[in-house]
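Participant: Quick one: the structure is below, and I'll ask about it shortly.
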Amino acid sequence: MYMAENVFTINIQKEVVNKPRWERSKFAVRVVREFLKKKMKTDKIKLDNSISKAVWNRGATKPLHKIKVKVEKEEDVFVAKID
């Protein structure tokens, strides 16, 4: 069985800087999902809980600036985890 695997470094800060402070972490998770949808050319993306925890680690107002994500294909769904 062939496993597709890619590693991406996503710059969250450039997307989040124009959002209100209290919405930044929530929007950052959305940015990660949208980036992966565009790069993997599918809507079937699952984000691992570790990505959400890493983004929300510093609270709602100060998300990570960059995040390194590893995407693997499991059956017909792409699963993203922190690398």
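Participant: Looking at the range 5-82, what % of the alpha carbon pairs are farther apart than 17 Å? Walk me through the numbers on the way to the answer.
Facilitator: Details: 1168 of 3003 pairs.
Summing the P(r) of the range 5-82 above 17 Å gives 39 percent of all pairs.
Participant: As a check on your grasp of the helix formula, calculate [θ] at 222 nm for the chain: sum -39500 (n - 2.57) over DSSP H runs of n ≥ 4, divide by the residue count, round to the nearest 500.
Facilitator: -10000 deg cm²/dmol
Since every read-out is calculated from the coordinates, none of them should be taken as a lab result. Predicted model only: the values in this text are computed from it and were never measured.
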